[in-house]
Amino acid sequence: DLNLKNIQGDILSGFPKKRETFYFFEVLDATKFREDFRKLIPDIKNVYQVLEAREEICGHKKMHPDGPLCPFIGVNIGFSHFGFQKLGIDDSKLTDPAFLAGQRADAENLGDKGTKSKEGKFIPDWEEEFKQDIHGVMNIASNCPNRIHEQVQLIEEYFKVGTAQATMRKVTSICGNTRPKEHNGEEHFGFLDGISNPTVIGFDVDPPPGPAPVRAGVIIVGHDGDPNKAERVPWMTDGSFMAFRLLYQRVPEFDEFVWANRLKLPGLSDQQGADLFGARLMGRWKSGAPLDLAPFFDDPALGKNENMRNNYRFAAEKDFQKFCPFAAHARKMLPRADLEDHGIPIERRRIMRRGIQFGEEVTDQERKNKKTEHGRGLLFVCYQSSIVNGFQFVQTGWANEAKFPKDVPQLPGLDPIIGQNHGKDDRGPMSGTNPDKPSEMVELTEEWVVSRGGEYFFSPSINALKEIIAL
Ligand code: N7H
């Protein structure tokens, strides 16, 4: 019963993309912006159109990783609380304290690095553009850079950007791109990403075996599973909250840490020991194979097998970390049996990840000097019906919480990938990296993922864009 033509396309089906530009804007003249907005509406793709495009392009609904250059171009849009305020639209029933306060006000709680002003106000160590109010973001995705460029030009024409009659201003735009063909699907640390996302009841037909499907309302506002469903006003239905984070990755430094801590176990070469240590930080091998199913040796065929690579629960391992450390990124972010088998539901913590990489490949010079010289990382995006239950909770309650999961024999430590301690190099010890000595601790000596900006947005339904935003 989901109205796929009313939900913005990136949320449930994910844009088919090799590139994606995030265009952050400030509304200058509310009434005129809302008038100009009408011109943008036909360019905004809904879920149905994205599915259709995928079928047309590739003959099946999942995009082929090496598929032909895709003529798809999609625009989606979200507004921050400050944007709704500027437009004079009452968003109080979006009842999400994190959204209503904005991400800048949440940065200290999220564990970002920052300083205190004389008045005691926390100022995050973010890029300047994110230290001002951002009213909204348009994400423009395609397989073809020229198409993106043309679409951005069109958008700027609609809103007369850069002229005396401009109704909006570009705050900043950031261009993301997937990695070159031989690293397709991998993020900058070299791990296959985008494997595990929630499957949604009423949307995903025949999902591969894995974690229990979630009710649509966990991702889409106004449906069963939305914790604030009772309070929503009708125009909010079929929208979703988007959390955006600008996350830099320090790849040579991460690689050096992994190499320096390589496991020295009988029968393992230095390289195998390093690969195993890296996999134990992530919870999966670079190939995507999960440690719970391939604990000591990589299994690249498993990493490729969509029907097997997400079908595990840490069930045999509940309360133990022989196969996979408690703090490993994928275990922290979806602890499966660690919670479910203790009667703690996990559905409300699920988020739909839609990020993309940015920045160049690591250069030979950077590798040689073991030092990052060019900015690169992840434009992290996730959708959910509650930021408080979703992104905010998994970052603060799990990733940044050394004692999570609770009541286990060893102190787990922070999530080594994204756990934050306000930029302090000392993020404390992590246990379980050595499969033979679960209580052996490794000090997480620095942050390899550094947050430099972000905001919380609400991506309204297509009807709401037509009837509430546009005039
Ligand atoms: Fe993570 N990485 O590539 O290293 N993530 N993540 N993430 N992450 C996952 O299962 C990564 C970040 C989640 O369902 C994989 O698709 C990097 C944030 C969740 O089993 C890999 C960064 C948050 C899952 C990475 C980053 C999350 C997940 C395994 C930052 C939320 C799914 C592949 C630069 C606050 C867990 C996969 C599940 C998986 C990486 C950030 C959440 C390889 C580099 C900020 C929910």
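Our estimate of slack between LYS371 and HIS149, defined as 0.36 nm per intervening residue step minus the Cα-Cα distance, is 76.7 nm. Under the classification rounded if a/c is under 1.5, otherwise prolate if a/b is larger than b/c and oblate if not, where does segment 231-275 fall, given a ≥ b ≥ c as square roots of the Cα gyration tensor eigenvalues? Prolate shape, in that a/c is at least 1.5 and a/b is the bigger ratio. For segment 120-271, the equivalent ellipsoid derived from the alpha-carbon gyration tensor has semi-axes of 35, 28, 19 Å in decreasing order. Charge tally for TYR248 (other residues, Cβ to Cβ under 9 Å; Lys, Arg +1; Asp, Glu -1): +3. Rolling a 1.4 Å probe over the protein chains gives ILE351 an accessible area of about 20 Å². Hey, which of these cross-link pairs are over 26 Å Cα-Cα: LYS93/LYS406; LYS45/LYS170; LYS17/LYS39? Violating the 26 Å Cα-Cα cut-off are LYS93/LYS406.
LYS403 contributes about 140 Å² of solvent-accessible surface, heavy atoms of the protein only, 1.4 Å probe. When the C-alpha to C-alpha distance is required to be over 26 Å, the pairs from LYS118/LYS424; LYS304/LYS437; LYS18/LYS466; LYS286/LYS437 that qualify are LYS304/LYS437; LYS18/LYS466. Each other residue within a Cβ distance under 12 Å of ASP193 adds +1 if Lys or Arg and -1 if Asp or Glu, for a net charge of +3.
Taking the charge dipole of the chain about its Cα centre, with +1 at Lys and Arg Cβ atoms and -1 at Asp and Glu Cβ atoms, the residue from GLN410, ASN307, ASN434 reaching farthest to the positive side is ASN307. The residue among PRO124, GLY111, HIS149 whose Cα reaches farthest toward the positive pole of the charge dipole of segment 84-216, with charges on the beta-carbon of Lys, Arg, Asp and Glu, is PRO124.
A crude spin-label estimate for the pair ASP341 and LYS322, with each label 7 Å from Cα along the Cβ direction, gives 1.2 nm. For ASP436 and HIS183, a Förster radius of 30 Å and the Cβ-Cβ distance give a FRET efficiency of 0.40, rounded to the nearest 0.05. Measuring only protein heavy atoms, the 1.4 Å probe finds ARG354 accessible over about 30 Å². The dipole here belongs to segment 334-471: it is taken about the Cα centre, uses +1 on the Cβ of Lys and Arg and -1 on the Cβ of Asp and Glu, and is about 340 debye. With 0.36 nm allotted per residue and the present C-alpha distance subtracted, the GLU129-GLU55 stretch has 22.8 nm of extension available.
Ligands, DNA and RNA left out, the accessible area of the chain computed with a 1.4 Å probe is 51% carbon and sulfur.
From largest to smallest, the equivalent ellipsoid semi-axes obtained for segment 143-207 from the alpha-carbon gyration tensor read 34, 19, 12 Å. Dipole check for the chain: with +1 at the C-beta of Lys and Arg, -1 at the C-beta of Asp and Glu, and the Cα centre as origin, the magnitude is about 200 Debye.
For the chain, what is the accessible area per residue in Å², given a 1.4 Å probe and the full set of protein chains?
That works out to 42 Å² per residue.
Working from label points 7 Å from Cα in the Cα-to-Cβ sense, the GLN272 to GLU108 distance is 5.0 nm.
With each label modelled as a point 7 angstrom along the Cα→C-beta vector, the LEU471-VAL233 pair spans 1.7 nm. Computed over the chain, the P(r) curve from all C-alpha pair distances, binned at 10 Å from the origin, holds 4, 20, 31, 27, 13, 3, 0, 0 percent per bin.
Only beta bridges with both residues in the chain are counted; by DSSP, about 95 percent of them are antiparallel. For segment 293-335, the alpha carbon convex hull comes to 76 Å³ per residue, rounded to a whole number. Dipole magnitude for segment 93-197: about 300 debye, using +1 per Lys or Arg Cβ and -1 per Asp or Glu Cβ, origin at the Cα centre. Volume per residue of the convex hull around the Cα atoms, evaluated for segment 287-440, comes out as 154 Å³.
Secondary-structure-derived ellipticity at 222 nm for the chain, considering helices only, amounts to -5500 deg cm²/dmol, per-run term -39500 (n - 2.57) for DSSP H runs with n ≥ 4. Among GLU231, GLU360, GLU182, the sequence by solvent-accessible area, most first, with a 1.4 Å probe is GLU182, GLU360, GLU231.
The values are calculated or read from the model by the stated rules, or taken from the named source; none is laboratory data. Keep in mind it's a predicted model, so treat the numbers as computed, not measured. Cβ sites come from the backbone with ideal geometry, for glycine too, and all protein chains shown count toward neighbours. Surface accessibility is based on the protein's heavy atoms, side chains included, excluding ligands, DNA and RNA. Shrake-Rupley method; radii C 1.70, N 1.55, O 1.52, S 1.80 Å.
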